[in-house]
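Visitor: A single structure is presented below for examination.
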Amino acid sequence: MRHKKILSATLSIALSALMIGVSQAPVSAATSTITIAVPGLPPSQGNPFKEGPGTPGIHTYAAIFDALTRVDDKGIVRARLATYWKTINSTTWRFTLREDVKFSNGEAFNADAVNDTIDFLVSADGRKTTIGSTELPELTGAKKVSEFVVDITTKTPDAILPAKLAALYIVAPKAWKAAGQDVFAKAPIGTGPYKVDSITTTRIEMSAFTGSWREPKADKLVIIPLADAASRLQALQSGQVNMVAGINPDQIAAAKKSKATVISIPAPQVMSLAYNVVGGGAVKDVRVRQALNYAVDKEAIANGLLAGKGKAATQGVTPSVLGYNKAVQGYPYDPAKAKELLAAAGYEKGLTINADITVGSFPSDNLIYQSVKSDLAKVGVTLNYTTITFAQWLPQYNANSWKGEAFGLSWNSAPRGDASRPYAIFVCKPVGAFYCNAEEDALVKKSNTELNAAKRLAILKEIAVKVTASAPALYIVEQIDLYAVGKGVKGFSAANRLIAYENIYVR
Amino acid sequence: MKAVGSRLLQLIVLLGTISTTLFLLLRLSGDPAILLAGEGASPETIDAIRADYGFDKSLLQQYLMFIWDIARLDFGRSLVNSQPALGFVLQYLPSTLHLTFLAVFFNSIIAIPAGVWLGAKPTQRRRKVLSTIVSVAQGTPAYVIGLLLIQIFSVWLGWLPSIAGTGTWAWVLPTATLSFALAPNLIRVVAASVEDTTRQDYYRTAKANGAAPNVLLIKHSLPNALLSTTSLLGAQFAFLLSGALITEYIFAWPGLGLILVQSITNLDFPTIQATVFVVAYLVFIVNLIMDQVFRLADPRLRRSQL
């Protein structure tokens, strides 16, 4: 009898739980809803300054916010909220703003909005954000010239400020001030095509902002994080989402079989193993660094592991980036030459390289590292790598406290699409430098302040020649971004990871 | 009253020990200020962020502040989304509880009858076949079960959604995944317990006295077998409370496991501490309830001073 009571109580609890679930279930999506599955949502939710300019933030912020500029897939700076820009003096750029723009809460977009955003970024709180501290640390302020003209100033001459400002989203000034950055993150207001209805860690729901200067073609946008690539593809195959950002190369065939269109966009990133040259050891010798580059069959990796969509890296930047030098041929696969160089450096009997890497950031990155290890073994180099988390990687990177001779590093030119971004990593930093070449360092500094576009491009191309020759990294492949778009979805396009949400609709 | 006081003391000691261990482990795991500042941030920026969150103080000072704060159930604000950490975690508790109840319930109604059937006559051929299937199923990870169920019911048949928050039916696949993942273990325990009772004197006496097979099973085997079953169910319930991570991962389920992993990835100390605290508290409560269930089910325990 007692057992019956226990069983009965258990049944009641479970059934009650089921009933609660039934009553709480949300209404299913309407037909004009675009649903996209992405690997992750921005942890800082709607605060666009606390996130780096790449993924995961960019998949969400591209729908809500706009920056003054954007950089296209050829590295050219294009108009966004600003339509025209020019230098006033060596440390001041003048931006003319678009006049037909409103924020989704009705606030007007003008020079004051730009002023307020930059005022925050240069404030003590703004300097503690990722954008304020690492993307735009050189900003000193903004000054309204007229309703739609604003001057933005920098500490030192900055040749590519318009490109760098592609990372700075403009927020609705009154909403930002009234809410404060913490509350604003739950209800962000921008000028983009969609306005946020709700944000949770597992879902962002948005409605069309019909007054946007980038008026959307769909009524609603839902962004769902599915960290697992297999789940993302299954969600697309079952029609639960319309698009997927980030499928794996080995899923391309399955995606196509389910009538989805796979779109491969070259990512402005070169996957590499950077050498801790400052740390000493075998990699201090340029012949060793070059030998390792010759030893890896990058073409085979690009064709086999990136489904032929990626390319063997010849240098630290990709063809879509300003400063790419097509004359630089890099290091073709030549194991004999690799052995020759190793022998010349005194390592004819081989050597061991220890490295720390992170995986999960790029398509097939785990397999790519395995392939690199296998190729190096053929020339007598033992690569021992340890997989670590980004939280473990970052402090070692910032302080150069690596214990091994190499570490996984992406030469990332996004979002500014300019070679200066990755080159700035390989300079004689006062703290945390892992590579330092005085001649290259001087050229990188010169490129940052040279305001003449043609002269600057020549400097960047010269850097490409020198940095490739001195091989501070084992350049592996130019990476790719893969999207899968379901049947009936129209208008999808993306450049530099910025999805043009306004053009997307479902037929 | 004495028992309540004793339990309360146990709870305080448990939470205090867990919180202290967690505090020390987290400080060894990395510096959240570096993560917050981002790649290539200046040392000045990192120092300013450390000062903001009190990470610049000595470990002892940080610990004393931490203990004082959690004594008032103040875990601080999330380092990444700035929401009060405890409130943020509690938002996700209902969906975790809900999924846990459903999974344990369906696990029970699948596993207990199957286990009893297996244990009653374990040497029968068809039962041996089921026993083999159960052994194989026990080694199948929840991740594989989840993806298989999605492939069959979402992709091929189109019957069920696989993403959380898309309607009532979205509960089915995560619940089924967890139930199927947990069931083999429970089936084996129930079967072994039932089989064990058939070798006991009281069972053989009843059988010799001419008791019908169903009476033997229901009256003599099952009540005794349910003791070990209840114990395992309690453990499974507690395990799910700490987050059915894989299930939450593939179904985008807004539960404590997902929150915990995300906060560990971001070194979001306040959220990690709040999540672990909530889970530890719940597991303690579950254990307390299980103790009472045992006392109800087993007369020997009722007579003891437990």
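No value in this document is a laboratory result; all are computed from the given coordinates. Because the structure is predicted, anything quoted here is derived from the model rather than measured. We place every Cβ from the backbone using ideal geometry, glycine too, and count neighbours over all the protein chains shown.
Visitor: Can you give the charge dipole size of the stretch B:2-71 about its Cα centre, rounded to the nearest 20 debye, using +1 on the beta carbon of Lys and Arg and -1 on the beta carbon of Asp and Glu?
Guide: Dipole of the stretch B:2-71, to the nearest 20 debye: 640 debye.
Visitor: Follow-up. Give the Debye-formula value of log10 I(q)/I(0) at each listed q (0.17, 0.18, 0.26 Å⁻¹), with one equal scatterer per alpha carbon of the stretch B:219-275, two decimals each.
Guide: One equal scatterer on each Cα of the stretch B:219-275 leads to -0.63, -0.67, -0.97.
Visitor: Need one value for B:161-174: mean number of C-beta atoms belonging to other chains within 10 Å of its residues' C-beta atoms.
Guide: On the way: counts 5, 6, 13, 6, 10, 11, 6, 8, 3, 5, 6, 1, 0, 0.
So the per-residue partner count for this stretch is 6.
Visitor: Work out the charge dipole of the stretch A:29-95 with +1 on the Cβ of Lys and Arg and -1 on the Cβ of Asp and Glu about the Cα centre, then indicate which of A:89, A:60, A:37 is farthest towards its positive end.
Guide: A:89
Visitor: Would you grab the residues whose amide H sits under 5 Å from the one on residue A:495? Only those 5+ places off in sequence or on another chain, please, with H modelled 1.01 Å from N.
Guide: When sequence neighbours closer than 5 places are left aside, the close amide H contacts are A:500.
Visitor: Please report the projected area of the stretch A:267-480's Cα convex hull averaged over all directions, in nm².
Guide: 10.8
Visitor: At 10 °C and 1.306 mPa s, grab the translational diffusion coefficient of the stretch B:94-304 from Stokes-Einstein with a Kirkwood Rh over Cα pairs, rounded to a whole number in µm² per second.
Guide: For these conditions, the coefficient is 84 µm²/s.
Visitor: Something else: Tell me which DSSP H helices of chain A clear both cut-offs, 27 Å or more of axial length from alpha-carbon atoms and a mean Kyte-Doolittle hydropathy of at least 0.0.
Guide: Helices meeting the span and hydropathy rule in chain A are A:2-24.
Visitor: Compactness ratio of the stretch B:2-71: Cα Rg over 2.2 N^0.38 Å, N = residue count?
Guide: For the stretch B:2-71, the normalised Cα radius of gyration comes out at 1.49.
Visitor: Would you give the gap between the C-alpha center of the stretch A:337-351 and the C-alpha center of the stretch A:377-410, rounded to a whole Å?
Guide: 22
Visitor: Okay, next question. Given contacts defined as C-alpha pairs under 8 Å and at least six residues apart, what's the relative contact order of chain B, whole-number percent?
Guide: Details: 318 pairs, mean separation 75.2, N = 306.
In percent, rounded to a whole number, it is 25.
Visitor: Using only the alpha-carbon atoms, how far is helix B:43-53 inclined from the longest principal axis of chain B? Give it as 0 to 90 degrees, nearest 10.
Guide: 60
Visitor: Calculate, axis by axis, the spread of Cα positions in the protein assembly as shown along the three principal axes, and write the results as whole Å, longest axis first.
Guide: 104, 69, 61
Visitor: Taking K and R as +1 and D and E as -1, what net charge do the other residues with C-beta under 14 Å from the C-beta of residue A:256 add up to?
Guide: Summing Lys and Arg as +1 and Asp and Glu as -1 gives +3.
Visitor: Here's something else I'd like to know. Can you give the alpha-carbon Rg of the stretch A:79-198 over 2.2 N^0.38 Å, where N counts its residues?
Guide: Here the answer is 1.02, to two decimals.
Visitor: For the stretch B:110-170, which chymotrypsin sites (Phe, Trp or Tyr not before Pro) are in a loop by DSSP, counting at most 13 other Cβ atoms within 10 Å?
Guide: Counting only loop positions with at most 13 other Cβ atoms within 10 Å, the chymotrypsin sites (Phe, Trp or Tyr not before Pro) in the stretch B:110-170 are B:159.
Visitor: Put +1 on the Cβ of every Lys and Arg and -1 on every Asp and Glu Cβ in the stretch B:1-156; which of B:73, B:122, B:108 then has its Cα farthest towards the positive end of the dipole?
Guide: Farthest towards the positive pole: B:122.
Visitor: Using θ = phi - 60° and the Karplus form 6.51 cos²θ - 1.76 cosθ + 1.60, what ³J(HN,Hα) does each residue of the stretch A:413-427 get, whole Hz, x for Gly and Pro?
Guide: 9, 7, x, 7, x, 10, 5, 4, 5, x, 5, 5, 6, 9, 10
Visitor: Further question on the same structure: Explain nothing, just compute: Karplus ³J(HN,Hα) = 6.51 cos²θ - 1.76 cosθ + 1.60, θ = phi - 60°, for every residue of the stretch A:316-330 in order, whole Hz, x for Gly and Pro.
Guide: So the J values, rounded to whole Hz, are x, 10, 9, x, 7, 9, 5, x, 5, 10, 6, 6, 7, 9, x.
Visitor: For the stretch A:265-350, which GluC sites (Glu not before Pro) are in a loop by DSSP, counting at most 13 other Cβ atoms within 10 Å?
Guide: Passing sites in the stretch A:265-350 are A:348.
Visitor: Which percent, nearest 5, of DSSP beta bridges in the protein assembly as shown are antiparallel?
Guide: For the protein assembly as shown, the DSSP antiparallel bridge percentage is about 75.
Visitor: Related question: Does anyone have the angle between helix B:222-241 and the longest principal axis of chain B? Alpha-carbon axes, 0 to 90°, nearest 10?
Guide: 20
Visitor: Now for a separate question. With a ≥ b ≥ c the root eigenvalues of the C-alpha gyration tensor of the stretch A:290-341, is it rounded (a/c under 1.5), prolate (a/b larger than b/c) or oblate?
Guide: Oblate, because a/c is 1.5 or more while a/b does not exceed b/c.
Visitor: Something else about it: Defining a contact as two alpha carbons under 8 Å apart and six or more residues distant in sequence, what relative contact order in percent does chain A show?
Guide: After rounding, I find 21 percent.
Visitor: Non-local amide H neighbours of residue A:83 (under 5 Å, H modeled in plane, Pro and chain starts lacking H): which ones?
Guide: Under 5 Å from the amide H of residue A:83 lie the amide H atoms of A:96, A:97, A:98, each far enough along the sequence or on another chain.
Visitor: Also, I was wondering about something else. In debye, nearest 20: dipole of the protein assembly as shown around its Cα centre with unit charges on the Cβ of K, R (+) and D, E (-)?
Guide: Dipole of the protein assembly as shown, to the nearest 20 debye: 2480 debye.
Visitor: Within the stretch B:162-231, list the trypsin sites (Lys or Arg not before Pro) lying in a DSSP loop whose Cβ has at most 15 other Cβ atoms in a 10 Å radius.
Guide: Qualifying residues, ordered by number: B:199.
Visitor: Give the residue from A:71, A:315, B:174 lying farthest towards the positive end of the charge dipole for the protein assembly as shown; charges sit on Cβ (+1 for Lys and Arg, -1 for Asp and Glu) and the dipole is referred to the Cα centre.
Guide: Going by the Cα projections, it comes out as B:174.
Visitor: Relative to the first principal axis of the alpha-carbon coordinates of chain B, what is the inclination of helix B:172-197, with its axis defined by its Cα atoms, in degrees from 0 to 90 and to the nearest 10?
Guide: It works out to around 50 degrees.
Visitor: Which FRET efficiency, nearest 0.05, do residue A:122 and residue B:137 yield, Cβ-Cβ r, R0 41 Å? Could the numbers behind the result be given before it?
Guide: Working: r = 60 Å, r/R0 = 1.46.
Approximately 0.10, to the nearest 0.05.
Visitor: Please list, in order along the stretch A:85-91, the HN-Hα scalar couplings obtained from phi with the Karplus expression 6.51 cos²θ - 1.76 cosθ + 1.60 (θ = phi - 60°), rounded to whole Hz, x for Gly and Pro.
Guide: Once rounded to whole Hz, the list reads 8, 7, 8, 9, 8, 4, 10.
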